[in-house]
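I have placed the structure first, in the form of structure tokens, so that the comments after it can refer back to it.
The values are calculated or read from the model by the stated rules, or taken from the named source; none is laboratory data. From a predicted model like this one, the values you see are computed outputs, not experimental measurements. Positions of Cβ are generated from backbone atoms using ideal geometry, with glycine treated the same way; all protein chains shown enter the neighbour counts. With ligands, DNA and RNA removed, areas are computed over all heavy atoms of the protein, side chains included. Shrake-Rupley method; radii C 1.70, N 1.55, O 1.52, S 1.80 Å.
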Amino acid sequence: MGIEPGRLQFSWISSAEATKFVEVAQAVTETVKALGPNTHFVKHEAKVA
Amino acid sequence: MKVIYIEKAQWASGLEKAGDSFRLWGPVRRGQFYAFEELAGGQVPALDFRNTRLSAKGLVYPQSEKMFEYTLDPGQPDHDLLKEAQKDYSPRAVLGIRPCDADAFELVARNFDTPEYQDPYWLRAREAVTLVGLACAAPCSTCFCTSAGSGPFSTKGLDILLVDSGGNFLAQVATPKGEAFAQAAGWRQPADDAAAAEIDRQRQVAEARIDSHVATERLRQQDTLTLHAAPFWDDVAFACINCGTCTYLCPTCWCFDIQDETHGRQGVRLRNWDSCMFPLFTLHGSGHNPRGQKVQRVRQRFMHKLKYYVDKYENGIQCVGCGRCVRHCPVNIDIRKVCELMNSYTLAGDSCAVVS
Amino acid sequence: MRAYTEKIREIARRLLEACTVERVLGFRRGSVPMMNAPCFVKTPAEAANLVWDSNCGINLANYLTSRSEKIGIFAKGCDSRNIVTHIIENKIRREQLVIIGVPCHGMIDRHRIAAMADGEIREVVEDENNIIVQGDGFKKVHNRHDVLQANCAVCTHRNPVIYDELVADLVEEPGDVDRYRDVREIEALSAEGKWDFFDDLLHDCIRCYACRNACPLCYCPTCFVDESRPQWVGKSQDPVDVRTFHFLRAYHCAGRCTDCGACERACPVGINMRVFTKKLEKDCLEKFGWEAGLSLEARPPLDAYRPDDPDDFIR
Ligand code: SF4
Ligand code: SF4
Ligand code: SF4
Ligand code: SF4
């Protein structure tokens, strides 16, 4: 789609896996922070005439 | 009407000169078709096209257009005020527009510029634009402009009409705006009487080449409800997929929808083209949809163009015969055929029909 | 093709005369070259209007959604696969249909042929191998294979997969076609390259929704782009909104699209939005061994759980 690898992630976490949830959330936050602010699929204001 | 000569050798240089005081737009090739785009300095419009895929209506009436904007940011001096969106209404010229598409501006003016209401966005954009048209020497088989009040050499709506005569253009200057553009381009060589005769000759040839004719003379006298209840609508509508192709490509379709968009602390009010072919067009807040069925929407499009408009404005049909909807409907719903059906429709056993 | 047309008229007449069906869904000759119009035939006499040639690219399964009559339908390979999908998704019942299979030689690309002509096309006729294009002062003969619709050129299911009778003998189906070269080329681009590629691809889109509306899969009573409470997508020409429409629509077609090409054919501005659905088609084939609409029994990959799912995040 043109979205950088890492910005979109999928995980399967059971409601019983609290530790895994924390780990995944931290990992996702770190990867996305490293990528910087998103520039695609963001609409600050409609680009029209 | 005043006619001037423009030698083709002076075409590009004239445009360059005019470019000092006008923004120039013209047909540009985009893949398999042509579209109107702003021309870069020195770029000449591609005049070898039959017609552009989309009409020129979007130049004055963009598909999506900002109307108002606001900000709630207290740091801004004009916060909490609804402001009209800033637009560039400096003079611009559209080169190479076809006569049917120019006539369409006159037609939609009946909607956007009425004694009661004037649409400021449309009017300002229209006022800013000078239309330099290109006569159609070789109309398409799907063109029926001469049946729709226009014609391949019509000057309705145009400021200048260019007629190609080999080494030069014969330019009919139809309005003071056209005069000003010719001045800005430095085209001032007056043509003799032979030029007017040549234009007339070419016009007759072009009009004779139009082989698509549509009868419209009975539409006015037809009874609205009888047409509305005619049995042919199911068959006409069957194949229609209710896309917006016919209405979006059409130079005379004028309907729009207003949307508000908020982005953080600021927002805009937009208007977007809308289409009577879409179910959403008539969906009420209550959830009720008075035109919930496809056949109702198809009927609406043709009844509006060929009956309601005809009755309301007494100025022919709401169509200039450009043929775009005929050429590009994905399932070949042909307004010429529907117009024939509507024009020639009579109730079976008409003469002794009892109206109850 | 003349033989197809004669046979089609004969079958339609027979079905309507015997009241086996109430309506027959086929094509009639259009008013401009390379355009046939879908039509609903109701009487045996009207069967004489039916035609078949290489301009029947509209997918007729699109006209079956939620109909209640008993219908006879002429179905090419792709149409038949969309009929299967319709039956699986409860949009029509098998018992309502008499499916007349039309082994397909491929449909021609009207946009491309028009772009290759030296003027306005006035007439297009065809024989077994050639497409003969004529206009004012020019005549061009194309080999049929050179002017096929892009999806037909790589089609591996030319024969109907489900039918009650056939209008002709089954045709040979090419086996070793490279169906996904275009998709691989896009896959090979960098993230930024993809972004720019799609930007350019969708530049001319006018959101007329002809692609969506021509598609038999897009039958939702209210499409997500038309929903107003809540409104999921902006309705303007903003490029983000346009792109959102295309991506989301493609995902809604995942595991269902048959690459019939009706969407691309319908687009008034020549956008190849099939690259989106093809990517998902390719993924379904590679990951699940799935091709849509081949069987009434098998469940599509997106509505079945399998322990051997190739994505490990889900296990
Ligand atoms: S008439 Fe044709 S172009 Fe118009 S909505 Fe119907 S299918 Fe689309
Ligand atoms: S209705 Fe069709 S032919 Fe008439 S002006 Fe509109 S697009 Fe052109
Ligand atoms: S997405 Fe396009 S190719 Fe796929 S089934 Fe729909 S119309 Fe056919
Ligand atoms: S048919 Fe073409 S122009 Fe219309 S919405 Fe689809 S891609 Fe856009």
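Interface residues of the stretch B:52-75, defined as those losing at least 10 Å² of solvent-accessible heavy-atom surface relative to the isolated chain (probe radius 1.4 Å), are listed as B:Arg53, B:Leu54, B:Pro62, B:Gln63, B:Ser64, B:Lys66.
For the stretch B:160-241, the calculated P(r), taken from all Cα-Cα distances in 10 Å bins from zero up to the bin holding the longest distance, is 13, 26, 18, 16, 19, 8 percent. The convex hull of the Cα atoms of the stretch B:53-178, projected and averaged over all directions, covers 10.8 nm². Averaged over the residues of B:234-241, the number of partner chain Cβ atoms lying within 10 Å of the residue Cβ comes to 5. Once the 1.4 Å probe is applied to the protein heavy atoms, the stretch B:224-354 comes out at 39 Å² accessible per residue. Normalised by the number of residues in the stretch C:216-315, the average gap of Cα pairs under 8 Å and 6 or more apart makes the relative contact order 21 percent. Take the convex hull of the alpha carbons in chain C; its mean projected area over all directions comes to 18.4 nm².
Probe radius 1.4 Å, ligands and nucleic acids ignored: give me the carbon and sulfur share of the accessible area of chain C as a rounded percent. That fraction is 49 percent. How many nm separate the modelled label positions at B:Glu7 and C:Asp146, each set 7 Å beyond the Cα in the direction of the Cβ? Those two pseudo-labels are separated by 4.3 nm. Considering only C:Pro38, C:Val154, C:Gly57, and ranking their Cα positions along the charge dipole of chain C that arises from unit charges at the beta-carbon of Lys, Arg, Asp and Glu, the one farthest toward the positive end is C:Pro38. Unpaired Cys in chain C, meaning no second Cys C-beta under 4.7 Å: C:Cys19, C:Cys39, C:Cys56, C:Cys104, C:Cys152, C:Cys155, C:Cys205, C:Cys208, C:Cys220, C:Cys223, C:Cys267, C:Cys284. Annotation for the A:C interface, with buried accessible surface near 1400 Å², both sides summed [1.4 Å probe; non-protein components not counted].
Within a Cβ distance under 11 Å of B:Ile6, other residues only, what is the Lys/Arg minus Asp/Glu net charge? Please list the in-between numbers first.
Values: positive: B:Lys8, B:Arg188; negative: B:Glu7, B:Asp164.
Once positives and negatives cancel, what remains is 0.
Mind checking the dipole of the protein assembly as shown: about its Cα centre, +1 per Lys or Arg Cβ, -1 per Asp or Glu Cβ, Debye to the nearest 20? Let's see the in-between values first.
Numbers: 88 positive and 97 negative charges, 219 e Å.
For the protein assembly as shown, the charge dipole is close to 1060 debye.
Distance between the 7 Å Cα→Cβ label points at A:His44 and C:Arg184: 4.1 nm.
222 nm [θ] for chain C, helices only, -39500 (n - 2.57) per DSSP H run of 4+, per residue, to 500? Before the final figure, lay out each step's value.
Working: 10 runs with 96 residues, N = 315.
Result for chain C, helices only: -9000 deg cm²/dmol.
Binning every alpha carbon pair distance of the protein assembly as shown at 10 Å from zero, what are the percents per bin? Binned Cα distances yield the sequence 2, 12, 21, 25, 20, 12, 5, 1, 0, 0. Give me the percent of accessible area attributable to carbon and sulfur for chain A, probe 1.4 angstrom. Result for chain A: 63 percent of the exposed heavy-atom area is carbon or sulfur. Of the residues in the stretch C:14-31, those shielded by at least 40 Å² of accessible area once partner protein chains are present, compared with the chain alone at a 1.4 Å probe, are C:Arg28, C:Ser31. Over the Cα atoms of the stretch C:225-312, compute the convex hull volume and normalise it per residue, giving Å³. It is 146 Å³ per residue. A 20 angstrom limit on the alpha carbon distance is what I want to check against. Which of C:Lys70/C:Lys91; B:Lys17/B:Lys66; B:Lys17/B:Lys177; B:Lys57/B:Lys156; B:Lys8/B:Lys177; A:Lys47/B:Lys87 exceed it? Violating the 20 Å limit, Cα to Cα: B:Lys17/B:Lys66; B:Lys8/B:Lys177.
What percent do you get for the relative contact order of the stretch C:31-166 when only Cα pairs under 8 Å and 6+ apart count? This gives 27 percent for the stretch C:31-166.
With a 1.4 Å probe, how much accessible area is buried between chains B and C, both sides summed, in Å² to the nearest hundred? List each step's numbers first, then the result.
Details: alone 17440 and 15870 Å², together 29870 Å².
When B and C are taken together, about 3400 Å² of accessible area is lost.
Helix-only mean residue ellipticity at 222 nm, chain B, DSSP H runs n ≥ 4 weighted -39,500 (n - 2.57), per residue, nearest 500. What is it? Theoretical 222 nm ellipticity from helices: -8000 deg cm²/dmol. Peptides C:234-242, C:86-94, B:191-199 ordered by packing proxy, namely the average of other Cβ atoms within 10 Å per residue, highest first: C:234-242, C:86-94, B:191-199. Per residue, the solvent-accessible area of chain C (1.4 Å probe, heavy atoms of protein chains only, all protein chains present) comes to 43 Å². Of the residues making up the stretch A:7-49, those losing 20 Å² or more of accessible area when the isolated chain is joined by the remaining protein chains, with a 1.4 Å probe, are A:Phe10, A:Trp12, A:His40, A:Phe41, A:Lys43, A:His44, A:Glu45, A:Ala46, A:Lys47, A:Val48, A:Ala49.
Peptide C:200-208: average number of partner chain Cβ atoms within 10 Å per residue? Numbers along the way, then the final one.
Values: counts 0, 0, 0, 3, 6, 0, 9, 7, 13.
Mean inter-chain Cβ contacts per residue within 10 Å come to 4.
Positive end of the dipole of chain C, charges at C-beta (+1 Lys, Arg; -1 Asp, Glu), about the Cα centre: which of C:Leu248, C:Ala47, C:Gln231 has its Cα farthest in that direction? Sorting the options by dipole projection puts first C:Ala47.
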